[in-house]
Number of protein chains: 4
Amino acid sequence: MVLQAQEQVKKDKKKYLSEKALEMIVEKGLSNFTMDDVAKSCGVAKGSLYTYFKNKDALIISAFGNLVERLKKVITYEDIKSTDTAEEKAKYFAKTYSQILSDFPSDQFMRLFEILINSTHDQKMMQDLTEIFTDYYKSLLQVWESLFKSKSKALLFQAMFDGLAMYKAVGVSLPPEEFESTFKEIILKIAK
Amino acid sequence: MVLQAQEQVKKDKKKYLSEKALEMIVEKGLSNFTMDDVAKSCGVAKGSLYTYFKNKDALIISAFGNLVERLKKVITYEDIKSTDTAEEKAKYFAKTYSQILSDFPSDQFMRLFEILINSTHDQKMMQDLTEIFTDYYKSLLQVWESLFKSKSKALLFQAMFDGLAMYKAVGVSLPPEEFESTFKEIILKIAK
Amino acid sequence: MVLQAQEQVKKDKKKYLSEKALEMIVEKGLSNFTMDDVAKSCGVAKGSLYTYFKNKDALIISAFGNLVERLKKVITYEDIKSTDTAEEKAKYFAKTYSQILSDFPSDQFMRLFEILINSTHDQKMMQDLTEIFTDYYKSLLQVWESLFKSKSKALLFQAMFDGLAMYKAVGVSLPPEEFESTFKEIILKIAK
Amino acid sequence: MVLQAQEQVKKDKKKYLSEKALEMIVEKGLSNFTMDDVAKSCGVAKGSLYTYFKNKDALIISAFGNLVERLKKVITYEDIKSTDTAEEKAKYFAKTYSQILSDFPSDQFMRLFEILINSTHDQKMMQDLTEIFTDYYKSLLQVWESLFKSKSKALLFQAMFDGLAMYKAVGVSLPPEEFESTFKEIILKIAK
DNA sequence: AATGAATGAGGCTTCATTCAT
DNA sequence: CATGAATGAAGCCTCATTCAT
């Protein structure tokens with residue numbers, strides 16, 4: 001019992017450190033943040049980070065794991081399953097994605113892409129990340145698929161959203177209402 | 001005459017070095033390639049790089065400048081202007097983009113995004129890059145716009161393509177024919 | 001208690017490193033000594049120096065701060081204040097300065113000038129150094145002033161000594177007794 | 001004849017390069033100026049400098065040789081030899097040195113000391129410089145000696161002046177008139 | 001003689017990781 | 001477990017000097 005409680009404490013601290021690490025990554029960029037940065041922002045000694053994470057990569061993975069976890073919660077399609085007409089579905093999609101685009105910190109999206117891109121040349125890293133992202137994308141695509149009855153279209157539309165998220169991260173974006181109405185119009189035309 | 005010839009030689013060498021640098025960036029990643037790498041792959045001394053580029057950033061900028069230049073040549077929409085029906089336009093778009101997706105090294109696309117993302121926290125760099133990319137995207141979007149008569153749609157479709165390019169870079173892609181037909185279908189439906 | 005002890009240890013080590021740095025500066029010259037030199041002579045890794053000093057300049061400043069501190073201790077005029085006649089004062093001055101000239105490593109004096117000269121074109125450095133030297137010279141000049149009742153004369157005599165110190169550093173010097181008697185004679189004639 | 005003319009041309013150019021080099025040294029400091037700086041300011045290629053000077057040190061030596069040459073011309077004691085009374089001599093000394101202190105660029109004085117100090121740890125350099133300076137100081141000291149009938153006093157007074165010149169270089173100086181009158185007063189008292 | 005591109009040794013600094021306390 | 005000083009590999013950049021043209 002005591003052990004379990006202690007384990008929980010350790011888990012919580014690990015999460016706390018991961019979140020602070022993500023903050024630093026978002027602020028300074030994936031290849032510019034240092035273990036020192038994280039330690040300082042956490043109020044712990046640098047060495048302590050190594051008690052919780054094998055190395056810097058493990059910390060990064062953990063940080064992005066948390067981010068994806070949070071994204072999963074933000075994008076819940078449970079509602080859509082009950083809706084009926086394509087019109088309603090399209091409306092829901094447009095609204096939800098528009099909201100994400102507006103509300104979710106675009107730098108965090110950006111860092112998602114950054115880590116994906118960066119890990120291209122590191123097999124071990126790529127593997128760990130794939131595990132994290134696979135679930136996430138599988139569920140996302142399933143929902144699109146339920147609307148379009150086509151895997152290709154599902155992929156294309158999710159790509160459209162991700163592309164836009166990236167644009168926003170580098171400073172190019174549409175006004176939310178314009179995005180919402182245009183996105184809905186396009187979805188609806190294709191879904192029919 | 002002689003002077004002009006020598007200047008040309010210098011220009012050519014600069015381009016050669018930029019291209020080799022891009023190779024290294026693509027291979028190792030933007031923040032993992034070193035000046036040593038580039039020097040070695042070019043068969044010159046490290047110091048020589050500094051004869052041609054003020055510093056590492058300047059080399060990077062130059063490398064990406066060349067890449068975008070190459071991309072501009074690949075994506076020429078001169079043909080499309082003469083085409084007439086939406087059907088033909090859509091076909092042309094789908095075919096061209098599909099070809100790009102198949103032929104153009106996807107890691108290079110990826111590194112385009114990488115540098116954009118990475119420069120987010122470096123004002124000077126961001127400025128230089130913006131100059132490079134602005135032209136490129138302006139012309140791209142104009143063509144889409146000529147088809148859709150809508151800036152928003154133009155942006156969304158280019159985002160779709162870029163998103164897909166990124167997916168491909170991290171290992172997720174559609175078969176070319178499937179992409180081509182689906183992309184064409186979607187374009188056509190929206191263009192009408 | 002423990003914390004204080006540790007802080008003291010760190011302070012001591014910083015001082016130790018500064019002193020070794022000064023040794024290297026004196027031996028090799030201000031612009032020829034390297035961080036490597038210092039690290040090696042201290043028996044620590046090069047990186048460790050950066051735990052104690054922000055950069056090379058900070059180390060240099062610290063080294064000279066220590067030197068001036070030591071000089072301050074060597075040149076204490078407390079005795080002179082109690083002496084009475086000009087004759088006695090002159091005698092004391094001549095004796096003390098002669099001793100300094102004989103005993104104090106002349107290369108160290110020289111390096112004092114070297115750093116002053118060298119920092120002429122570095123505002124930040126000049127500022128830091130001014131802080132260090134101001135106190136030192138103020139107190140020196142005050143004592144001369146108490147003898148001559150003239151700021152100009154005080155400055156001229158201190159300049160005479162510094163000039164001589166520099167001469168010695170480049171290998172030109174008078175026999176101590178000759179300096180002492182001549183210096184005393186001159187001081188006395190002017191003080192009257 | 002032609003050869004002699006050519007030799008003269010070469011000599012002139014060497015002098016020109018030396019002077020430009022001195023300018024750069026004064027501006028940037030002995031250890032911060034580069035061969036590139038000199039070449040650019042001379043309007044020649046870097047490699048050309050090596051046609052005239054074996055290496056950087058030789059250029060420096062030459063630059064300071066010229067400086068001392070110029071100083072020799074500025075400080076001519078020919079007049080003093082004819083003056084008679086100590087009063088007149090003192091007046092002349094004070095006036096001349098005051099003028100030098102006011103007119104002669106203090107940065108150039110400073111660099112004289114800089115090079116002397118800097119060469120302390122380079123035997124070859126020290127030797128070359130000694131040759132240059134020996135003559136200069138010998139003549140200076142002779143004049144002082146003619147006034148004081150004492151080598152020690154001669155040295156002390158020249159040291160006083162050099163010390164002051166250095167002070168001025170680092171920003172500490174007396175108003176010219178004050179220096180002149182005080183210096184004269186002191187000289188006179190000692191000369192009697 | 002003049003050029004200036006090329007060289008490469010060498011300097012400063014950063015930072016992930018370790019380890020004694 | 002926590003700490004943070006110590007490490008040392010590795011990176012960027014400078015610049016005196018050389019040499020083919």
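The values are calculated or read from the model by the stated rules, or taken from the named source; none is laboratory data. Bear in mind that the values here come from a model prediction, so they are computed numbers and not experimental data. So basically every Cβ, Gly included, is an ideal-geometry build from the backbone, and we count neighbours across all protein chains shown. These area figures cover heavy atoms from the full protein model, side chains too; ligands, DNA and RNA do not enter into them. Shrake-Rupley method; radii C 1.70, N 1.55, O 1.52, S 1.80 Å.
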Quiz item: Residues in the stretch A:135-149: is at least one at the interface with another protein chain (Cβ under 9 Å from one of its Cβ atoms) and modelled with pLDDT under 90?
Solution: yes
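Basic (Lys, Arg), closer than 27 Å to A:LEU30 by Cα and part of a loop (DSSP other than H, G, I, E, B): does that describe B:LYS54?
When the stated conditions are applied, B:LYS54 passes them.
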Quiz prompt | Criterion: open to solvent by 80 Å² or more (accessible area, probe 1.4 Å), modelled with pLDDT of 90 or more and under 20 Å from the mean Cα position of the chain (by Cα) - qualifying residue of D:LYS40, D:LYS20, D:LYS15 | solution = D:LYS15
Quiz item: Among the residues of the stretch A:171-192 satisfying the criterion of being in a helix (DSSP H, G or I), open to solvent by 10 Å² or more (accessible area, probe 1.4 Å) and more than 7 Å from every other protein chain (Cβ to nearest Cβ), which is farthest from B:LYS153 (Cα to Cα)?
Solution: A:ALA191
Quiz prompt | Residues satisfying the stated conditions in the stretch B:33-51, i.e. within 14 Å of chain A (Cβ to nearest Cβ), away from DNA strand E (no atom under 12 Å from the Cβ) and either assigned to a loop (DSSP other than H, G, I, E, B) or not acidic (Asp, Glu) (or both) | solution = B:PHE33
Quiz item: Can we say D:ASP107 is touching a helix residue (DSSP H, G or I) at 6+ places or on another chain (Cβ under 9 Å), more than 27 Å from C:SER98 (Cβ to Cβ), within 8 Å of another protein chain (Cβ to nearest Cβ) and of a type outside the set (Gly, Ala, Ser)?
Solution: yes
Practice problem: Among the residues of the stretch A:25-37, write down those that are of a type in the set (A, V, I, L, M) and modelled with pLDDT of 95 or more. | Solution: A:MET35
Practice problem: Return yes when B:LYS149 is open to solvent by 30 Å² or more (accessible area, probe 1.4 Å), at positive phi and of a type outside the set (Val, Ile, Thr) and no when it is not. | Solution: yes
Exercise. Please list, ordered by first then second residue, the pairs with beta carbon atoms under 9 Å, 6 or more apart or interchain, first in the stretch A:162-173 and more than 18 Å from B:THR130 (Cβ to Cβ), second of a type in the set (Gly, Ala, Ser) and surrounded by fewer than 18 Cβ atoms within 10 Å (Cβ to Cβ).
Key: A:LEU164/A:SER173
Exercise. Would you point out the residue of the stretch D:24-77, among those that are small (Gly, Ala, Ser) and touching a residue at least 12 places away in the same chain (Cβ under 8 Å), that is nearest to DNA strand F (Cβ to nearest atom)?
Key: D:SER31
Quiz prompt | Identity of the residue in the stretch A:157-170, assigned to a helix (DSSP H, G or I) and out of contact with any Phe, Trp or Tyr (no Cβ under 7 Å at 6 or more places or on another chain), that ends up farthest from the other protein chains (Cβ to nearest Cβ) | solution = A:LYS168
